[in-house]
Amino acid sequence: MKDDNHYYWPHKDLLDTDCLGEADLRHLLHLASGFQDINLRPVKKVPTLKGRTVILFFAENSTRTKTSFDVAAKRLSADTFSLGKAGSSLNKGESLKDTGLTLQAMHPDVIVIRHSSSGAARYLSENLSCSIVNGGDGWHAHPTQALLDCYSLNQAWNGNFKGKTLLVLGDIAHSRVARSNIHLLRMLGVNVRLCAPRTLLPAGVSSWPASVHSSLPEAIDDVDAVICLRLQLERQQAGLLPDLAEYARRYCLTEEHLRLADPDVRILHPGPMNRGLEISDAVADDANCLVLKQVEAGVAVRMAVLYLLATRSEQGDS
Ligand code: CP
């Protein structure tokens, strides 16, 4: 940051939230709020990134992240191109590096990558000169999900984060969302609690800046928000949970649990939800559940991210 009035974005890539300072975060949220106004107009398109190119390289499944990056880029008039694992030469054995270099040879401004391997986005960033956005890598990080969660809470709490208490509930061991969120929330002064069965807590969790609980009624006491995480059934082959019904009995977020929280508690979930497993139907459909607000915020936040990265080299000019 140069000074308060002449902020410029210093980052070539967005690989995780730990590269962001509070000034970066507040600037990004402010920009996203402006882009959200555009998303509510009858004509939702501005020429801001006309002539720029964004490649969506999604080597793992996605509904929200991929669609919202595509919508975000198009609302800013950028051209977008999509590459998935199925139908690409990754399936013929082409390496991640060669795939990245091939995409870069088409002169994109930004590549958004989702990949099942932790570190895939960083690997591309070290080998390519265009901007890289991590759209979720393995169990490691999902920075734009954390940013849109922050944006949603910023709206719900009118910008008052300090002293609030938030519970992260569920499959924390496999969650890239939890890791990316905690850095931002702590930076804004939020107290973080974690709750999960012991087998779904990550190694080294005792060094995280959060209190750790195994009892949901204890963990949810008086909290201001809950981020409920998806139980990642596709990653449960290791037998970490012998009985899904028992998991639901102890950890599925219900209205009964919400009565122990602050009366105005907000519920977030990154999606997709397993209704009846980690979140009850009644909670998922509750007026204080921000799931669809999060999706809406995702477009505005990703517009801000694409704008900042694609125009970075011009932001110092004035
Ligand atoms: N929250 C999230 O990353 O959802 P998708 O997997 O649908 O992109």
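The values are calculated or read from the model by the stated rules, or taken from the named source; none is laboratory data. Given the structure is predicted, the values throughout are model-derived calculations rather than measurements. When we count neighbours, we look across all protein chains shown, and the Cβ atoms used for this are built from the backbone with ideal geometry, even at glycine. Quick note on the areas: whole protein, heavy atoms, side chains included, nothing else; ligands and nucleic acids left out. Shrake-Rupley method; radii C 1.70, N 1.55, O 1.52, S 1.80 Å.
For this structure, a couple of remarks:
- Counting only strands (runs of 3 or more DSSP E) that sit wholly inside region 139-213, those with at least 2 residues that are under 18 Å from ARG230 (Cβ atoms) and touching a residue at least 24 places away in the same chain (Cβ under 8 Å) are 165-169, 191-195.
- Selected residue [among the aliphatic types (A, V, I, L, M), under 23 Å from ASN158 (Cα atoms) and within 16 Å of the ligand (Cβ to nearest atom)] from VAL265, VAL305, VAL223, VAL283: VAL305
- Identity of the residue in region 218-234, part of a helix (DSSP H, G or I) and in contact with a strand residue (DSSP E or B) (Cβ under 9 Å, 6 or more places away or on another chain), that ends up surrounded by the fewest Cβ atoms within 10 Å (Cβ to Cβ): GLU218
- When the criteria are applied in full, LEU31 meets the requirement of being open to solvent by 20 Å² or more (accessible area, probe 1.4 Å) and either in a helix (DSSP H, G or I) or within 13 Å of the ligand (Cβ to nearest atom) (or both).
- Qualifying residues in region 64-89 (those that are away from the ligand (no atom under 16 Å from the Cβ) and assigned to a helix (DSSP H, G or I)) - the one surrounded by the most Cβ atoms within 10 Å (Cβ to Cβ): ARG75
- Look at region 64-82: where a residue is in contact (Cβ under 8 Å) with a residue 24 or more places away in the chain and a partner is hydrophobic (A, V, I, L, M, F, W, C) and open to solvent by 40 Å² or more (accessible area, probe 1.4 Å), sitting 6+ places away or on another chain with Cβ atoms under 6 Å, you get ARG64/VAL295.
- For region 118-138, a residue qualifies if it is in a helix (DSSP H, G or I) and open to solvent by 10 Å² or more (accessible area, probe 1.4 Å), and the qualifying residues are ARG122, TYR123, SER125, GLU126, ASN127.
- Only a single item in (1) surrounded by 12 or more Cβ atoms within 10 Å (Cβ to Cβ); (2) farther than 21 Å from TRP139 by Cα; (3) among the polar types (S, T, N, Q) is not met by SER215, and it is number (1).
- Residue check for PHE57: crowded, with 20+ Cβ neighbours inside 10 Å, touching a strand residue (DSSP E or B) at 6+ places or on another chain (Cβ under 7 Å), among the aromatic types (Phe, Trp, Tyr) and at pLDDT 95 or above: yes
- Taken over region 34-50, residues that are without any contact (Cβ under 8 Å) to a residue 24 or more places away in the chain and in a loop (DSSP other than H, G, I, E, B) amount to 4.
- Residue list for region 90-121, restricted to those being within 16 Å of the ligand (Cβ to nearest atom) and closer than 22 Å to MET303 by Cβ: VAL112, ILE113, ARG114, ALA121
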